[in-house]
1. On the given criteria, is ARG261 within 29 Å of LEU106 (Cα to Cα) and away from the ligand (no atom under 12 Å from the Cβ)?
2. Counting only residues that are assigned to a helix (DSSP H, G or I) and open to solvent by less than 30 Å² (accessible area, probe 1.4 Å), how many does region 237-260 have?
3. Here is a list: ASP134, ASP103, ASP140, ASP92. Which entry is within 16 Å of the ligand (Cβ to nearest atom) and either modelled with pLDDT of 95 or more or farther than 21 Å from LEU402 by Cα (or both)?
4. Going through GLY207, GLY128 one at a time, which residue ends up being at positive phi and either open to solvent by less than 10 Å² (accessible area, probe 1.4 Å) or within 16 Å of the ligand (Cβ to nearest atom) (or both)?
5. Just one of the numbered conditions (1) touching a helix residue (DSSP H, G or I) at 6+ places or on another chain (Cβ under 8 Å); (2) open to solvent by 60 Å² or more (accessible area, probe 1.4 Å); (3) farther than 26 Å from ILE82 by Cα is not true of LYS281; which one?
6. If you check ILE357 against the conditions, is it away from the ligand (no atom under 14 Å from the Cβ) and either acidic (Asp, Glu) or crowded, with 16+ Cβ neighbours inside 10 Å (or both)?
7. Does ILE172 satisfy the criteria of being open to solvent by less than 30 Å² (accessible area, probe 1.4 Å), assigned by TED's automatic domain parsing to the domain that holds ALA256, near the ligand (Cβ under 7 Å from one of its atoms) and touching a Pro at 6+ places or on another chain (Cβ under 7 Å)?
8. Residues ALA183, ALA157, ALA153: which one is assigned by TED's automatic domain parsing to the domain that holds PHE267 and part of a loop (DSSP other than H, G, I, E, B)?
Amino acid sequence: MRHIAIVGSGPAGYYTAEAAQKKYGDDVRIDIIDRLPVPFGLIRFGVAPDHQSIKAVSKRYEKVALSSNVRFVGNVTVGQHISVEELCGLYDAVVLATGAPKDRELDIKGADLPGVYGSAAFVGWYNGHPDFADLNPPLDGSHVAIIGNGNVALDVARILSKTREEFVGSDIVSHALSRLMGAKTEQITILGRRGPHQIAMTPKELGELGRLEKAAPYVDRNDLPEEGADALLEPGMRKSVMHLREFARIPESYRAEKDIRIEFDFFAAPVAIEGEGRAQKLIIERTLLDKDLRSQGTGETYSMKADMVISCIGYQTPPIEGVPFEHGRGRFANDEGRILPGLYCAGWARRGPSGTIGTNRPDGYAIVDMIEEDIGSGAGADPERGGRPALDALLKERGADLVTFNDWKKSKKPKRPAPVMAHRMRNLSGSKI
Ligand code: NAP
């Protein structure tokens, strides 16, 4: 019997569990530990609430979660209730699938002013993450600046722009929906420090921005490279740039009918945020690309009104005491997922925050192959390791209030008929409106 502990119940955690189940069948016990009392990590708290087709992957994880040899151990923090070293003493393999829930730091003056948020906080707020329920972002201003040219920037711009009707079928939480419906936003500026050919936005997500009920995008055609240059781009990127070209062709009369203008400002690096006690103004430096396509400041600066600034510049994995960490890349130091024999990492904690949900699947399977290499066909598994019962004894001793998958399922069962109106939704229920 092998005992495997997986830390983190997001996509990387569940794909790793699925792979271990496939490889070992009944000959494995898997504990998936999470600091939150609810499973699914990024699927629940990172994926946009109006992207239900992406969230549907949790059905697959649920199948794994409900099998008899897999257990969700929620409400338990590794590094607080139990150390990684202790876990390694109890399990044949420990896999850190902790994702990258921490914002990459926006290192400019004024980034600590009220009204400036990292995307982990802002996205967490509208997705019902318990850490960000009290964020209370200022939605009373007319101008919002979004920093970064990735898909998270698009998610945030779209969520800020939708009508109540456009949220039907989503699982946005009620506290966020009611605040968003009262927002006074007129202009959202998405700032990219490089150009249209360097965006990290995918075509589907860009396309959505062009089909909003009360908002319309704007791209300055002068920012776009010669059309012929698109031929050199890989097909996905070419499609994304095609959307930007479409946005540049939208007539001003169409935009005038909309409440919100979503403006792309390329070659624009934020250098400071200013304001009296809260964000009011963003100072931006015009950039150029160098021969390696990196952005270089030109020294020319300008400012824009910014009542709220949301920095969507990527994420990092929080370090765990005693685990080797690559600070520059914001992930655990590892060799293809192996930190040490017996200790592994998967998903964003291994690669950094890139790729789609599906990218984590081969990752999980590769880690299980590596575990097999290290512990062998069972001969390497140590019969002395206490596994699940030993973990439970330790957690009990330390007063941890463990939440299992079934506990969570029971807690989210509605006590009255399922709500149909957005404002009647519950916080962590995950129910659709
Ligand atoms: P991302 O794709 O890495 O994009 C980060 C953006 O921030 C880049 O445009 C980057 O510009 C910019 N940036 C970084 N540091 C900056 C700085 N100091 N100042 C100004 N700009 C800066 O990150 P993300 O948008 O957070 O997405 C993370 C991952 O989740 C990606 O793989 C993404 O595709 C995925 N995701 C997917 C979906 C979806 O499929 N629907 C939705 C959301 C997220 P440079 O290129 O110049 O560095």
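1. Judged against the criteria, ARG261 is a match.
2. Quick first cut of region 237-260, residues assigned to a helix (DSSP H, G or I) only: 237-249, 252-256.
Then drop every residue that is not open to solvent by less than 30 Å² (accessible area, probe 1.4 Å), which leaves 237, 240-241, 244-245, 247-248, 255.
Count: 8.
3. Details: ASP134 fails: within 16 Å of the ligand (Cβ to nearest atom); ASP140 fails: within 16 Å of the ligand (Cβ to nearest atom); ASP92 fails: within 16 Å of the ligand (Cβ to nearest atom).
One residue alone meets the criteria, ASP103.
4. GLY128
5. (1)
6. Numbers: away from the ligand (no atom under 14 Å from the Cβ): no; either acidic (Asp, Glu) or crowded, with 16+ Cβ neighbours inside 10 Å (or both): yes.
Taking the combined requirement at face value, the residue does not satisfy it.
7. Values: open to solvent by less than 30 Å² (accessible area, probe 1.4 Å): yes; assigned by TED's automatic domain parsing to the domain that holds ALA256: yes; near the ligand (Cβ under 7 Å from one of its atoms): no; touching a Pro at 6+ places or on another chain (Cβ under 7 Å): yes.
Criteria not met by ILE172.
8. Values: ALA157 fails: part of a loop (DSSP other than H, G, I, E, B); ALA153 fails: part of a loop (DSSP other than H, G, I, E, B).
Testing whether each residue is assigned by TED's automatic domain parsing to the domain that holds PHE267 and part of a loop (DSSP other than H, G, I, E, B) leaves just ALA183.
The values are calculated or read from the model by the stated rules, or taken from the named source; none is laboratory data. A quick note: this is a predicted structure, and the numbers were derived from the prediction, not measured. We place every Cβ from the backbone using ideal geometry, glycine too, and count neighbours over all the protein chains shown. Remember, those area values only see protein heavy atoms, side chains included, never the ligands or the DNA or RNA. Shrake-Rupley method; radii C 1.70, N 1.55, O 1.52, S 1.80 Å.
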